[in-house]
1. Filter the stretch B:272-313 for residues that are modelled with pLDDT under 95 and of a type in the set (F, W, Y) and give the result.
2. Limited to the stretch B:300-342, what total is found for residues that are over 27 Å from B:H363 (Cβ atoms), within 12 Å of chain A (Cβ to nearest Cβ) and among the small types (G, A, S)?
3. With (1) over 22 Å from A:R7 (Cα atoms); (2) at pLDDT below 95 as the list, and A:R175 as the residue in question, which single condition is left unmet?
4. Of the conditions (1) of a type in the set (S, T, N, Q); (2) assigned to a strand (DSSP E or B); (3) surrounded by fewer than 21 Cβ atoms within 10 Å (Cβ to Cβ), A:Q97 fails just one. Which one is it?
5. Give all pairs with beta carbons closer than 9 Å in which a residue from the stretch B:141-164 that is at pLDDT below 95 meets a residue that is part of a loop (DSSP other than H, G, I, E, B); count only pairs at least 6 apart in sequence or on separate chains.
6. Report yes if A:L172 is in contact with a Gly (Cβ under 7 Å, 6 or more places away or on another chain) and surrounded by 19 or more Cβ atoms within 10 Å (Cβ to Cβ), otherwise no.
7. Which residue, of B:S57, B:S105, is in contact with a strand residue (DSSP E or B) (Cβ under 6 Å, 6 or more places away or on another chain), part of a loop (DSSP other than H, G, I, E, B) and either closer than 16 Å to B:Q159 by Cβ or not charged (D, E, K, R) (or both)?
8. Would you mind finding the one in B:L199, B:L167, B:L183 that is farther than 30 Å from B:P216 by Cα and surrounded by fewer than 24 Cβ atoms within 10 Å (Cβ to Cβ)?
Amino acid sequence: MTHALKRQDFDVIASWMKSGESVLDLGCGEGELLRLLAGRGLRGWGVERDPGHVLAAIENGVNVIQSDLEAGLAGFEDDAFDHVVLSRTLQTMRHTQQILAEMLRVGREAVVSFPNFAYWKNRMAVLGGRMPVSEDLPYQWYDTPNVRFFTMLDFESLCEGMGVAIRDRQVLDERGALVTEEHNFLGSLAVYRIGRGG
Amino acid sequence: MSEPRSIGPVTARRLLFTEPIDLAAGVTLPQWELVYETYGALNAEKSNAILICHALSGHHHVAGHYADEPKNVGWWDNMIGPGKPIDTDRFFVVGVNNLGGCHGSTGPSSPNPATGEPWGADFPVVTVGDWIKAQARLADALGIEQWAAVVGGSLGGMQALQWTIDLPERVRHALVIAAAPKLTAENIAFNDVARQAILTDPDFHGGHFYRYGTRPARGLRLARMLGHITYLSDDQMAEKFGRKRRPSAGSYGFGVEFEVESYLRYQGDKFAGWFDANTYLLMTKALDYFDPAEPFGGDLAAALAGATAKFLVLSFTTDWRFSPARSREIVNALVKNKHAVSYAEIASQHGHDSFLMDDRYYHAVMAAYLRNVGT
């Protein structure tokens, strides 16, 4: 549903994967990430709810399975994939904990990217009395597909509570440049590589 | 791609096979015939052929019309033709009437070489696997080593699936539409009521009604009326008929009163007028027996492990005969094997029959997938 955006997180996601591995891309849109990964020798499947995106993904020659993520990943076996990706979609979902648990059930590890609500420009907008509209949160409050607004610290705290291990983290600013300090303040988009804890 | 148009006049062909075929029922047909049609041109590499598998009451006349019968249009003409989703400008398309059929291929109404009389009830029960064998012989005869795609809806989709299991090296893509990996008890129950309607018709004569110059039209009519209900959706029937009554309807009697009664009776009569009762029995039985996972201890993923084709699986939201959940079983088994597969659940109000309808989104999905099928 965010296919019109530039997908700076894709390069980060791809850098965590190797040729020959398998990947399930949740909310795959028109299949851009899967195409990129196919070009790097990965085998991928996408899950997408929107009929228009499903059609476009089929046109793009990627494997896409029409399904609603809110219903979970019941059709997929445990440990079926090397990676499960949820790119810029977690904030649109109601069943937050369920989908994270499902991703780590069917995948050896998972990648989650999301807009960081604590990005300084967002904080400024709220201080100024308005909901933020930015490169990574491009919607007006009344027509946004986003239903969860959270920060990097919030996400990390949830992972800790769920026993999810954070294996890697890359943070990007609005222009897609890597953020190297004050991540929760300077980061507009966060990309996490997570696994089962313990 | 050209503007979609009809393939125009087409001709049915007949091929005699003198090499015997062993059927699952343990019977061997020493020689047998298939009726088929082809559309478009087979390329020099013979790599652009698509096989269309028909469902319960279908046949080889899939697209176009006969020169002398302009109204006899193929049953999937909206899908197949120049510029249509199955584009005959790119693909060589083959439609075939299956063994046991009643449209010209060897079946119960064909003469039994042992007696010279129609086979009738003595014609062996045929399975989906038998059809794949026979279709493969047709492919051999046409010089097609490997289908670019095998395509079918309902029972036709089951054949596409079976192809990828039985002869994996001979199919590059399988388009499995409105199908299921096997029938449920409820599906079989519906089929058996339909069969009982035919088997208990006094005009059935144990399947040898040809001898008596009659046909079990009442049974066939009931079977079709029942079947037809399961092809439609509750929504669609509500919209199309609701509780509307015929203007001429009487009341407090058993004549045709509600519109839906009139429609079903018409459909039943029409079908009973031309379809062969023994073929109907065979086709429903082939459906009931279809269960490619059975030899693999019920594990569909194990059955599909050796498949090498890429898959498109489609279901329709209001199909309750083979619901989307049944298609998902196929998809899940394919993904478990890491096979290439795309799946779309298409919003449609036409129930199981949706796969035959001219729906813009459905056709766009078919066209999009087939554009990526190499010739």
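The values are calculated or read from the model by the stated rules, or taken from the named source; none is laboratory data. The model shown is predicted, which means the values in this text are computed figures rather than measured ones. As a convention, Cβ positions derive from the backbone with ideal geometry for all residues, glycine included, and neighbour counts pool all protein chains shown.
1. Within the stretch B:272-313, B:W274 is the sole residue that qualifies.
2. Within the stretch B:300-342, residues that are over 27 Å from B:H363 (Cβ atoms), within 12 Å of chain A (Cβ to nearest Cβ) and among the small types (G, A, S) number 1.
3. It is condition (1) that A:R175 fails.
4. (2)
5. Going by the 9 Å Cβ cut-off, there are no qualifying pairs.
6. Details: in contact with a Gly (Cβ under 7 Å, 6 or more places away or on another chain): yes; surrounded by 19 or more Cβ atoms within 10 Å (Cβ to Cβ): yes.
Judged against the criteria, A:L172 is a match.
7. Working: B:S57 fails: in contact with a strand residue (DSSP E or B) (Cβ under 6 Å, 6 or more places away or on another chain).
None of the other options fit; the residue is B:S105.
8. B:L167
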